[in-house]
Number of protein chains: 4
Amino acid sequence: MLKVAILGGSGYTGAELLRILASHPYTEITAVTSEKSAGKKITDLFPHLHKYSNLAYEAVDKERLLQRADLFFLALPHGASQEAVDFFFRNGKQVIDLSADYRLSEPDVYAEWYKTPHNYQKTLGKAVYGLPELYRDKIKASRLIANPGCYPTSAILGLSPAVKENIVDAETIIVDSKSGTSGAGRKAETAFLFCEVNEGFKAYGVAVHRHTPEIEQEASKIAGKKIFINFTPHLVPMDRGILSTIYLRIKKDIDTKDVLSIYNNYYSKEPFVNILNDGLLPNVKDVRGSNYCHIGLKVNKRTNTLIIVAAIDNLVKGASGQAVQNMNIMAGFEETTGLTMPALFP
Amino acid sequence: MLKVAILGGSGYTGAELLRILASHPYTEITAVTSEKSAGKKITDLFPHLHKYSNLAYEAVDKERLLQRADLFFLALPHGASQEAVDFFFRNGKQVIDLSADYRLSEPDVYAEWYKTPHNYQKTLGKAVYGLPELYRDKIKASRLIANPGCYPTSAILGLSPAVKENIVDAETIIVDSKSGTSGAGRKAETAFLFCEVNEGFKAYGVAVHRHTPEIEQEASKIAGKKIFINFTPHLVPMDRGILSTIYLRIKKDIDTKDVLSIYNNYYSKEPFVNILNDGLLPNVKDVRGSNYCHIGLKVNKRTNTLIIVAAIDNLVKGASGQAVQNMNIMAGFEETTGLTMPALFP
Amino acid sequence: MLKVAILGGSGYTGAELLRILASHPYTEITAVTSEKSAGKKITDLFPHLHKYSNLAYEAVDKERLLQRADLFFLALPHGASQEAVDFFFRNGKQVIDLSADYRLSEPDVYAEWYKTPHNYQKTLGKAVYGLPELYRDKIKASRLIANPGCYPTSAILGLSPAVKENIVDAETIIVDSKSGTSGAGRKAETAFLFCEVNEGFKAYGVAVHRHTPEIEQEASKIAGKKIFINFTPHLVPMDRGILSTIYLRIKKDIDTKDVLSIYNNYYSKEPFVNILNDGLLPNVKDVRGSNYCHIGLKVNKRTNTLIIVAAIDNLVKGASGQAVQNMNIMAGFEETTGLTMPALFP
Amino acid sequence: MLKVAILGGSGYTGAELLRILASHPYTEITAVTSEKSAGKKITDLFPHLHKYSNLAYEAVDKERLLQRADLFFLALPHGASQEAVDFFFRNGKQVIDLSADYRLSEPDVYAEWYKTPHNYQKTLGKAVYGLPELYRDKIKASRLIANPGCYPTSAILGLSPAVKENIVDAETIIVDSKSGTSGAGRKAETAFLFCEVNEGFKAYGVAVHRHTPEIEQEASKIAGKKIFINFTPHLVPMDRGILSTIYLRIKKDIDTKDVLSIYNNYYSKEPFVNILNDGLLPNVKDVRGSNYCHIGLKVNKRTNTLIIVAAIDNLVKGASGQAVQNMNIMAGFEETTGLTMPALFP
């Protein structure tokens, strides 16, 4: 049994890790931390997590935690994660960081978008961007995984084959994304009250959202040149799910079937990526609660544009499920262990 | 591996059986039927059920199906199930019927509420009401299970300890229930369109809903005398979940702690019933997608009334999950096999 | 033009007053207060209220406000309203208080349920409970209106004819109510986040909700004797609306048509109460955004029970619409002025 | 009083016309038709429309209807409207057609996208596209208005100033739109059941949606050259509202403030278009139930892209409200008559 600790277990991402790991046969959760809820039982906050009825939140005491686990999931706020990641990594532990702190490989870009310097650049240099579909081998060889953001996971999985195969003009990429409300976390803010979100729909963070450089970094690596992205997130009145609609100008004379063929080849061995047949488009409802990514696409010959639609559950493939997938790879477990439960529909 | 067939697999209940059985280690699904969708793949209707990408719906041919499975789940409409149940049962198979056709032990009561006679009364006499918390031993010994209705499951689990212990006046029972919309099935009717249900809330079937005699039958058996129930269902703008609020006049001088103690004792060995601590009340959100029933209660001393609140997922503990639980019991598997996944929250 | 001020204009109730009064031909809003949002424009908080684009929130300065309006709507928190009501009333103004502070005529009952003494008992003695269907003449003659609570409005309108006509056993009344989330106000609390409320349903405040004594007070006045009520509120994943399902034991041999006749007579002249025909039951969706109350009912002869279902919009007939209705009566305007807009459906 | 008839009054658009006209002081509704619901009362289908409790649906008999009204709203399905429009127009009546049949001025384009020929091309030549912000004078002088589609209304209002001022490269326009479910109409189809739509989000009609040529027609007229649009509609789990996110490549060195200034000037006299201040973006919730269009925008200097976000209520400004606005213009009423009610929030 792999001994696992979760730092920051009182938010939706932490709770989702606990939910998923409840069905994982090879892990044992030895500690869950929360500053605000220290002393409370897990089930005081999350009655659905009966399995942990004997487990309580504790305050973070990194020195003591060190002995109690082999792998640390960090679901701390951005900024707060920097130092904790460094600590556990330097002390020889496996670390999967669900914050954004180790996703951007260039410290300057991090500082520009997150408005705070990166103080652990040596450790940052060791981090692997934890998207298994792109970096499986590096993940296997690493002890420090920067778990991708929710929007970037959908965008990069959607973009990669087309950019890689060089069929599109990478300078005109538009990613129009829509997310369920759990992406905002479990924060008591007026803007996320039921009565503010329900029956509403809005864009936010236009041109300034922090997931922009993360998508650009990965798209640029694939393209082999610097790419800028137009990224617009929107808030959907639903709990879970991200759907990204991606627009790419086509360079070649190519049709939907050709592109589907490229996508099917690219992801042919991926257990969690599902390319839909011609004529079908994904619905976030079909991936809710699951680790799957559904991708549909269409070439618009009138406008010479490739439209790709990618759907994931932001808390699973977009966060905690992908973290467990990374853990499975790092630990040498079957990659799909604990992650094959179908979506909850309806 | 137990060979299993599902008759009526294109509705929400059938899809939910497939979802749950996808994680069940000891069953193999050998056939799924649907008259309307015969020839289509499971994933044509339900893209979330990738695991069955090689499985297609077929029309019902009972003779041929007979050889292909040992246990038959019947998720057919009420009325249509009568004959099919009889057929498979007479031919030596194990049958779990998710319709209402074999739930009411008295044919006259069935005929009165379902407006159609029961034509297989001999087989009806063999059926066991499949609520494991009440009839586990009978289920184990039976080949024919009448899987309980969704509302009755919540009501009977909520009522039983109080009625059994004779602390309430069983003549004044009120069951005020609220259900998510999946309880209406996957029928294309105007009344269940998104725009009709969303931002709405209504009562329906007041004093005439067909689950009334089912609750009365079981409550009467426990009480040892004929009980009439006021049962009022309501439609909630959510996908899944039933919450029943039950009002009972108390006969004795008893307080909340006393009643909680009775409930905790009564369900002390039940893996799927969770009695909440004093001061807590259940939320359907905490059982969504799971087989658990959460029960909270309170004695109102000002009015001498016991208020019990019971929450389940109507498609899981209220239908397909309970059917799998019954299958586990009949087949000698660990009762919780495939059913311990926590609820999906949020 | 009647000069009107709103104290506490940054919550849902205050915003709803502004929305309704935007179409009122005989009023002019001269001041809107908010401690937290003083200095901000109305449209900074509520972009839908363009009509007030030149109006800003101000902090409360009672002395100065006194000169600026003839009628004061107070949408302050319970407790905070006591002193303000007294001030404006003593200074000769018309006051409509949307808090609970002046609803309970007995100070002891107020103190028991609200955990704070009532310090203005002389003024309390002048307050009229502002349910026009019961107290129209008193409202017309008064300067101080205690605007009813949202749940009590639905319950009392539902109960009154049956209790008044003495056809029911008033000792066994059960009011099972379900409310949209706007009833909780615009408070940034985790429990009312979208992800906590959506796809959830729960009871709360069982046996201890503060609207209990308000319903009891009015039901007792009608019955001419002290009545205790079982009142259970529930939270529905929708913005607006209250539906109360009321259970009453029938004393006489009476059927649905008889009771409908009683209800139709009782409310025959009421512009905002709509008794549905036999066989129909109300849906909150049909009253959303309107000042109407829809009532349906049924006698269950098997159990000798009358079930009444009453639906209102909690922010309109349950709060701000009723406040405007009271204003119309007090000011001598046509009672329906500004209040006849149909519900927003879908 | 203007005598008004509504053909096709049993869908959401027809009901919305009735709702809005209920508050209109200068119109009298003399007939409402529905083939399916002929003989039923309006309130049988729509209990919220009490005001019409004496009005019943009737089957269409065009000859007889001719004498009963001066202005005809046609809310019939596409295709079915062609002949009816022609009939009433030829007989000297004022006609506002809410279908798509008279929106596309070129019959070939109509035939290509709607898969049916246009058989009344002479009448088609008389139709004015009923977007008051662009064609107010033509509307005033016309007897035949083609009321714009819901998506096109949001897209064209969003696009026009930028295209008109020639600040953008009109060849790269992307319109990514999101609509509430009422846009699908009141049809009993599985795809629009509550359980299919709720907690879901999907794109549909990618590259083939029929509103594409309508947006292209109007954008081309403004630009003075043929423009092709990438238009992608999405389905949002909410009742009402459209939000269109529009991407345009900027030709000049221009920033957000410059573009806001252009938009404010362009719409300075428009009663229903509200340009939001720098930093603000619209939410469909703020226009729900109202005839207003809220527009926010931002220039992304990193990518040289102008992002415009436009929000309307699809049933009001996107259909029935705009139809009433057109009626007001045609009839010489104040243009805002009956249309100034603020949005219903929350």
Exercise for review: Please work out how much accessible surface residue D:261 shows to a 1.4 Å probe, ignoring ligands, DNA and RNA, in Å² rounded to 10.
Suggested key: 60 Å²
**Study point:** Cα-centre dipole for the stretch A:2-126 with unit charges at Cβ (Lys and Arg positive, Asp and Glu negative), debye to 20
**Key:** 340 debye
Practice item. Report the full-extension gain for the segment residue D:204 to residue D:336: residue separation times 0.36 nm, less the Cα-Cα distance, to one decimal in nm. Key: 44.1 nm
Check your understanding: Tell me, what ³J(HN,Hα) does each residue in the stretch A:141-152 have, in order and in whole Hz, if you take phi through Karplus 6.51 cos²θ - 1.76 cosθ + 1.60 with θ = phi - 60° and put x for Gly and Pro?
Key -> 8, 10, 10, 9, 10, 8, 6, x, x, 5, 4, x
Point to revise | Dipole magnitude of the protein assembly as shown about its Cα centre (Cβ charges: Lys, Arg +1; Asp, Glu -1), debye to nearest 20 | key: 0 debye
Review point. To the nearest 10 square angstrom, what accessible area does residue B:239 show with a 1.4 Å probe?
Key: 0 Å²
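Using R₀ = 41 Å, calculate the FRET efficiency as 1/(1 + (r/R₀)^6) where r is the Cβ-Cβ separation of residue B:278 and residue C:83; round to 0.05.
Details: r = 37 Å, r/R0 = 0.90.
Here the calculated transfer efficiency is 0.65.
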Point to revise | Inter-part distance where the stretch A:1-64 and the stretch D:298-319 are each reduced to a Cα centre, Å | key: 42 Å
Check your understanding: Any idea which of B:74, B:123, B:48 is furthest toward the positive side of the dipole for the stretch B:2-126, if Lys and Arg beta-carbons carry +1 and Asp and Glu beta-carbons -1?
Key -> B:48
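Given the convex hull of the Cα atoms of the stretch B:1-85, what is a quarter of its surface area in nm²? Let's see the in-between values first.
Numbers: hull surface 20.7 nm².
Projected over every direction and averaged, the Cα hull of the stretch B:1-85 covers 5.2 nm².
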Revision key, fill the gap. Percent antiparallel among DSSP beta bridges confined to the protein assembly as shown, nearest 5, equals 50 percent
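DSSP loop (so not H, G, I, E, B), at most 10 other Cβ within 10 Å: list which GluC sites (Glu not before Pro) in the stretch D:30-91 pass both filters. Present the calculation step by step, with values, prior to reporting the outcome.
Numbers: sites: D:35, D:58, D:63, D:83; in loops: D:35.
When the GluC sites (Glu not before Pro) of the stretch D:30-91 are filtered for loop state and at most 10 Cβ neighbours within 10 Å, nothing remains.
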**Study point:** Full-extension gain in nm, residue B:189 to residue B:1, via 0.36 nm per residue minus C-alpha separation
**Key:** 63.8 nm
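Among A:177-185, C:318-326, how do they line up from the highest to the lowest mean number of other beta-carbon atoms within 10 Å?
Numbers: A:177-185: 25.2, C:318-326: 28.1.
Put in order of decreasing packing, that is C:318-326, A:177-185.
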Check your understanding: Could you give the angle, 0 to 90 degrees to the nearest 10, between helix B:81-90's Cα long axis and the longest principal axis of the Cα atoms of chain B?
Key -> 70 degrees
Practice item. With the full set of protein chains in place, find how many percent of the accessible area of chain D is carbon and sulfur; take the probe as 1.4 Å. Key: 46 percent
Point to revise | In the B-C interface, the accessible area buried, summed over both sides, Å² (probe 1.4 Å) | key: 4200 Å²
Study note, to complete from the structure: Of all DSSP beta bridges with both partners in the stretch D:151-314, the antiparallel percent, nearest 5, is 75 percent
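Using only atoms on other chains, find how many Cβ atoms lie within 10 Å of each Cβ of peptide C:286-298 and report the average.
Numbers: counts 8, 2, 6, 8, 3, 0, 3, 0, 4, 0, 3, 1, 5.
So the per-residue partner count for this stretch is 3.
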Review point. Taking a label point 7 Å from Cα toward Cβ, how far is residue A:226 from its twins in the other copies, in nm, shortest first?
Key: 3.8, 8.1, 8.6
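What net charge is computed for the residues neighbouring residue D:55, neighbours being all others with C-beta under 12 Å from the C-beta of residue D:55, Lys and Arg scored +1, Asp and Glu -1? Could you put the intermediate results ahead of the total?
On the way: positive: D:40, D:41, D:51; negative: D:28, D:44, D:58.
Value of the local net charge: 0.
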Point to revise | Cα centroid of the stretch A:109-172 to Cα centroid of the stretch D:68-131, whole Å | key: 53 Å
Exercise for review: Round to a whole angstrom and tell me the spacing of the C-alpha centers of the stretch D:191-248 and the stretch A:226-246.
Suggested key: 16 Å
Exercise for review: Between the label point of residue C:92 and that of the same position in each other copy, find the distances and list them shortest first in nm, with every label point placed 7 Å from Cα along the Cα-to-C-beta direction.
Suggested key: 6.3, 8.7, 10.0
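What share of the DSSP beta bridges in chain D is antiparallel, in percent to the nearest 5?
Details: 26 of 56 bridges.
Antiparallel bridges: around 45 percent, rounded to the nearest 5.
Mind checking the mean number of beta-carbon atoms from other chains within 10 Å of the Cβ atoms in B:300-312?
Working: counts 9, 1, 7, 10, 3, 6, 0, 7, 1, 6, 0, 5, 0.
Rounded to a whole number, the mean comes out at 4.
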Review point. Among chain C residues, which Cβ is nearest the axis of the C-onto-D rotation, and at how many Å?
Key: C:344, 3
Practice item. Please give the calculated 222 nm ellipticity per residue for chain A, where each DSSP H segment of at least 4 residues contributes -39500 (n - 2.57) and the sum is spread over every residue; nearest 500 deg cm²/dmol? Key: -8500 deg cm²/dmol
**Study point:** Order by protection proxy (mean Cβ within 10 Å, highest first), peptides B:99-110, D:303-314
**Key:** D:303-314, B:99-110
**Study point:** Sum of side-chain charges, residue C:266 neighbourhood, beta-carbon under 10 Å (Lys, Arg +1; Asp, Glu -1)
**Key:** -1
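Given C-alpha coordinates of chain D, what is the ratio Rg to Rh with the Kirkwood estimate of Rh? If you can, show how the numbers build up before the last one.
On the way: Rg = 19.6 Å, Rh = 20.5 Å.
Using Cα coordinates only, the ratio equals 0.96.
Counting only heavy atoms of the protein chains, get the accessible area per residue of the protein assembly as shown (1.4 Å probe) and round it to a whole Å² value.
About 33 Å² of surface per residue is accessible.
Which value, in nm² and rounded to one decimal, describes the direction-averaged projected area of the C-alpha convex hull of the protein assembly as shown? Don't skip to the end; give the middle numbers.
On the way: hull surface 199.3 nm².
Mean projected area for the protein assembly as shown: 49.8 nm², to one decimal.
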Exercise for review: May I ask you to report, in nm to one decimal and beginning with the shortest, the distances from residue B:112 to the same position in the other copies, taking label points 7 Å along Cα-to-Cβ?
Suggested key: 4.3, 6.8, 7.8
Exercise for review: Would you calculate the separation in nanometres between label points at residue A:251 and residue C:252, each defined as 7 Å from the Cα along the Cα-to-beta-carbon direction?
Suggested key: 8.8 nm
**Study point:** Nearest 10 degrees, 0 to 90: helix B:211-223 Cα axis against chain B principal axis
**Key:** 60 degrees
Practice item. Give me the lysines in straight-line cross-link reach of residue C:40: C-alpha distance below 23 Å, same-chain residues under 8 apart excluded. Key: A:202, C:3, C:51, C:62, C:187, D:257, D:285
Point to revise | Neighbouring partner chain Cβ atoms per residue of B:45-53, average, 10 Å criterion | key: 6
**Study point:** Burial of 50 Å² or greater, the stretch B:203-226 residues [accessible area, probe 1.4 Å, versus chain by itself]
**Key:** B:206, B:207
Point to revise | Cross-link partners of residue D:252 among aspartates and glutamates (Cα-Cα below 12 Å; sequence separation of 8 or more within a chain) | key: D:165, D:169
Revision key, fill the gap. Here the stretch A:179-193 yields Karplus 3J(HN,Hα) values (6.51, -1.76, 1.60; θ = phi - 60°; whole Hz; Gly and Pro given as x) of 10, x, 7, 5, x, 7, x, 9, 9, 7, 10, 3, 4, 10, 5
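The values are calculated or read from the model by the stated rules, or taken from the named source; none is laboratory data. These numbers come from a predicted model, not from an experiment. Positions of Cβ are generated from backbone atoms using ideal geometry, with glycine treated the same way; all protein chains shown enter the neighbour counts. Accessible surface is based on the protein model in full, side chains and every heavy atom, while ligands, DNA and RNA are left aside. Shrake-Rupley method; radii C 1.70, N 1.55, O 1.52, S 1.80 Å.
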